[in-house]
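Since every read-out is calculated from the coordinates, none of them should be taken as a lab result. Because the structure is a prediction, the values reported are computed rather than measured.
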Amino acid sequence: MCFDHDALPPDLPADVPRLAGGAAAELTEATSADGTRFSVALALSPEPQGPAVVIVPDVRGLYRFYAELAERFAAAGHHAVAIDPFGRTAGTGEREGEWDYWPHVRETTPAQIQADVAGAIVLLRERAGASVTSVAVVGFCFGGAQAFLAAINPDLPIDRVVGFYGALRGDRLGIPAPRAEIARARVPVLGLFGGADEGIPVGDRIEFERNLRRAGVEHEIHVYDGAPHSFFDRKQDQFAEASADAWRRTLGFLAAR
């Protein structure tokens, strides 16, 4: 499991300007490229200043953490939509409390999630119009692995991806291993990892970066020494500095041309 259900996304660092006038994220639905209806949390920025963001959650799907995270991105100048990847098997609605997510994780394919990302982009363009000029995918854990795999899809209209402690092996999730597949990446990639994350050993990160070099795309890999999996959580005060740095690196990566 990634975050606890009552986890909260870290606030934006004090040195990152916050835009006034942003509304709370709206829980609504979107239509996947394959016709599936799925839930999203949509937060539109009052002054968009960079690419829109599609957030792919961890194994628990769409819950409060990711709705609030979309609001943080909007306050930083990015339209944002957090998707629920389990609409096909678990129906719609925000995921509340403890639920049996693992069977749904195993039944969900990268192609389905990429179809959902495409549907989320359509929704962003419908709701925000011409201000959506480019799109990034930002994923966490299971969603981070899916973000890395989205980077190899030539038909997905995205410009860059960010993976927070995205799984680099695919066996447990039943997906191709991102550490190998990333050799076919077509867009820039930012990978953020905890140095004490036992589920993502250093050898996997080395292979992942080696294959990014083979892909020839702009990329950055940063490892936070001593940080565990899911360090990006406001409740974990001891990793507040790592979370703030991860925010800065992510926003800087989104702003880069």
Worksheet item: If you average the sequence gap of Cα pairs under 8 Å that are 6 or more apart and divide by the length of segment 26-255, what percent do you get for the contact order?
Response: 16 percent
Worksheet item: When the helices in the chain are scored as -39500 (n - 2.57) per DSSP H run of 4 or longer and the sum is shared across all residues, what 222 nm value do you end up with, to the nearest 500 deg cm²/dmol?
Response: -10000 deg cm²/dmol
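Please give the length that would be gained between Asp15 and Glu198 if that part of the chain were fully extended, namely 0.36 nm times their separation in residues minus their C-alpha to C-alpha distance (nm, one decimal). Write down the numbers at each step before the final one.
Values: separation 183, 0.36 × 183 = 65.88 nm, distance 3.18 nm.
Contour length minus the Cα-Cα distance gives 62.7 nm.
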